[in-house]
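Peer 1: Shown below is the structure under consideration.
The values are calculated or read from the model by the stated rules, or taken from the named source; none is laboratory data. What you are looking at is a predicted structure, and each value in this text was computed from that prediction instead of being measured. Note that each Cβ is placed from the backbone with ideal geometry, even for glycine, and that neighbours are counted across all protein chains shown.
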Amino acid sequence: MGKTPKLLVTVASGGIALTLLAVAAPHAAAQPAWKPDKAIELIAINAPGGGSDRILRMMAKILQEGRHAEVPVTVVNKPGGGGSVAYAYANQHPGSGHHVVMANKSILTNNIVGRGPSYTEITPLANLFTEYIAVTVKPDSPIRSGRDLVERLKKDTGSIAFGLAGSLGNPSHQGVVVPLKQAGVDARKVRTVIFPSGGAATTALLGGHVDVVPITAAFAASLLRSGQLRLIAVTSPQRLTEVLAEVPTWREQGYETAMSNWRGMVGPKGMTEGQIAYWEGVLRRMADSEEWKKELEANFWTSDFMGSAGMRKQLERDNVETRTFLVDLGLAK
């Protein structure tokens, strides 16, 4: 064995030099990596059947079957307030690495319009992907296209009722109000009914209670395949593929808008560096798995993985842009 290193330290005290012999420890004790010691809760911001619920159930399956997580993984639904109920629930467990939420841009829009926590009150863990919004109607709807929808609302703002999951100003809402604003329609005067999930809004559409529902492209595609809906526009910059290849973009219909939503995981306030590192690693392994890549392709998602630091910068940037957008629409001050 090598000798323990020694260090001579000279300290001046009252004019007298004192030489101390310090014995250095062989090495500092390494901090053990954090790992969960009980079941993990993946928290959905909407009811069963909603976007984050469906995604989290996919994730739970991959995390457990791929053994990316060492403990049981459950999905917990906390709908309400466009996500504010879910974030409040997570923050009832400050510093916990066992409670994480599937977040999207609605955490920003809710706070800006005066509802729900600031992005500074949660812990960013990792961004996973971006997605687009599809504007849907019933197959027998007289509304034949995105342009047709806009022209009808220009003539009579109250003639069409929208069903919206979550809250005003969120990414799904933005997917329809941007072209309306470009056409001079006051989005504040459009009839809009709020539902706890995309599934609930779509059920209302199929029942004839509302006329138009903007939902994620992935959810819309599943309903299009079964003939339950017709799609009149998507918010992507170019047409999407496969079953959505025939759906025109807003840009093709004369409106200069392309809008995407991100999905990522956040935890409660007060998480430790070790907990953040654990989740970055787990989510990175999941994102690199073949099972997850198949889900990305099947759901028209674009991989956009970034860790905690990158996600925090994204939140800061998006918060400024989203506030400007909502103030411009008259939905915030």
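Peer 1: I'm trying to understand the selection: among the residues of segment 292-309, which are in a helix (DSSP H, G or I) and surrounded by 15 or more Cβ atoms within 10 Å (Cβ to Cβ)?
Peer 2: Residues satisfying the conditions are W292, E295, L296, S308.
Peer 1: Does L223 fit the bill of being aliphatic (A, V, I, L, M), under 15 Å from N299 (Cα atoms) and surrounded by 14 or more Cβ atoms within 10 Å (Cβ to Cβ)?
Peer 2: Considered against the rule, which asks whether it is aliphatic (A, V, I, L, M), under 15 Å from N299 (Cα atoms) and surrounded by 14 or more Cβ atoms within 10 Å (Cβ to Cβ), L223 comes out as yes.
Peer 1: Specify the residue that is surrounded by the most Cβ atoms within 10 Å (Cβ to Cβ); the eligible residues are those in segment 91-114 that are under 17 Å from the mean Cα position of the chain (by Cα) and more than 19 Å from M271 (Cβ to Cβ).
Peer 2: It comes out as T109.
One line per residue, one yes/no per condition, for (1) more than 22 Å from Q253 (Cβ to Cβ); (2) over 16 Å from the mean Cα position of the chain (by Cα); (3) outside the structural domain of G81 (by TED's automatic domain parsing):
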residue	(1), (2), (3)
Q174	no, no, yes
V185	no, yes, yes
V190	no, yes, yes
A201	yes, yes, yes
L206	yes, yes, yes
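Peer 1: Restricting to segment 52-90, give me the number of residues that are in a loop (DSSP other than H, G, I, E, B), surrounded by fewer than 17 Cβ atoms within 10 Å (Cβ to Cβ) and without any contact (Cβ under 8 Å) to a residue 40 or more places away in the chain.
Peer 2: Total meeting the criteria: 4.
Peer 1: I've got another one for you. Any residue at all in segment 62-76 that is within 27 Å of V234 (Cβ to Cβ), among the small types (G, A, S) and assigned by TED's automatic domain parsing to the domain that holds F325?
Peer 2: no
Peer 1: Could you list, in sequence order, all residues of segment 103-143 that are in contact with an Asp or Glu (Cβ under 8 Å, 6 or more places away or on another chain) and in a strand (DSSP E or B)?
Peer 2: L125, A126, N127, L128, F129, T130, V137
Peer 1: Which condition does V150 not pass, out of (1) in a loop (DSSP other than H, G, I, E, B); (2) surrounded by 20 or more Cβ atoms within 10 Å (Cβ to Cβ); (3) assigned by TED's automatic domain parsing to the domain that holds V177, if it passes all the others?
Peer 2: (1)
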